[in-house]
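See below for the structure under consideration.
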Amino acid sequence: MRYARHIAVLLLVLITAASARKRDPLTEAEADQIRHAAMEPHTRLKLFIKFTDVRVNTMEQLRGDPKPAGDRGAKMREALEDFTALLDEINDNLDQYQGRPLTKDDRKDFRKGLSEVVTACGQWEQKLKTLQTSAENDPGLRNDSRDFKFALKDADDALQSTASAAREYSEIKDVDDKPAKKK
């Protein structure tokens with residue numbers, strides 16, 4: 001009986017600790033903007049691209065800081081984890097809207113959004129490569145990279161997955177896309 005109470009308390013502590021670790025990568029204001037665009041695929045994708053750009057800019061600022069704080073590695077890991085979580089959100093939105101019947105205008109907007117995601121992924125890929133190169137060659141950042149090297153690998157994997165999904169969906173033809181008739 002005594003052990004059962006100890007086990008129950010231990011489980012409660014572990015569950016609380018595990019749930020505390022999962023944090024939302026979006027600020028409250030960003031989450032509100034996403035909620036307001038719930039039925040607009042193109043707008044949602046644009047917002048996710050914008051918010052992901054903010055995380056990438058944070059990483060670039062941390063990388064280039066001439067007087068880095070002692071917790072630069074932890075801050076970089078957090079920015080990379082947010083970046084990865086936002087890429088997962090973009091993937092979820094791509095999957096959601098690809099499978100949903102959309103009006104002709106919404107389909108057109110979704111395709112435009114796909115193009116924007118592919119373009120953004122190319123830019124983010126270059127910035128992640130720059131971060132990786134800096135982490136290997138800059139002695140100060142090399143030391144800090146111990147804190148974020150796994151998050152950087154996860155971010156790169158998520159980026160490749162998002163870019164691949166966006167390219168794949170952009171190549172799918174709609175059922176009602178008919179070739180123009182020849183005269």
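Only the coordinates and a few stated rules stand behind these numbers; no lab work does. Only a predicted model underlies this, so the values are computations on that prediction, with no experimental measurement involved. Methodologically, a virtual Cβ is constructed for each residue, glycine included, from the backbone with ideal geometry; neighbour enumeration extends over all protein chains shown.
Odds and ends about this structure:
- Taking a sphere under 9 Å around the Cβ of A37 and counting the other residues whose Cβ falls inside, with K and R at +1 and D and E at -1, yields a net charge of +2.
- For the stretch 113-126, backbone phi angles converted through the Karplus equation (6.51, -1.76, 1.60; θ = phi - 60°) give residue-by-residue couplings of x, 4, 4, 5, 5, 4, 4, 4, 4, x, 5, 5, 4, 4 Hz, Gly and Pro being listed as x.
- Sites A69 and A29, calculated FRET efficiency, Cβ-Cβ separation with R0 35 Å, nearest 0.05: 0.90
- Computed E for S134/D92 - FRET, C-beta separation, R0 30 angstrom, nearest 0.05: 0.50
- Averaging Cα coordinates gives a centre for the stretch 99-161 and one for the stretch 57-78; these two points are 18 Å apart.
- Under Karplus coefficients 6.51, -1.76 and 1.60, residue-wise ³J(HN,Hα) of the stretch 23-31 in Hz, glycine/proline x: 10, 6, x, 9, 6, 4, 5, 5, 4
- Exceedance of the 26 Å cut-off in Cα-Cα distance is limited, within the set K75/K153; K104/K129; K75/K129; K112/K149; K67/K127; K104/K127, to K104/K129; K112/K149; K104/K127.
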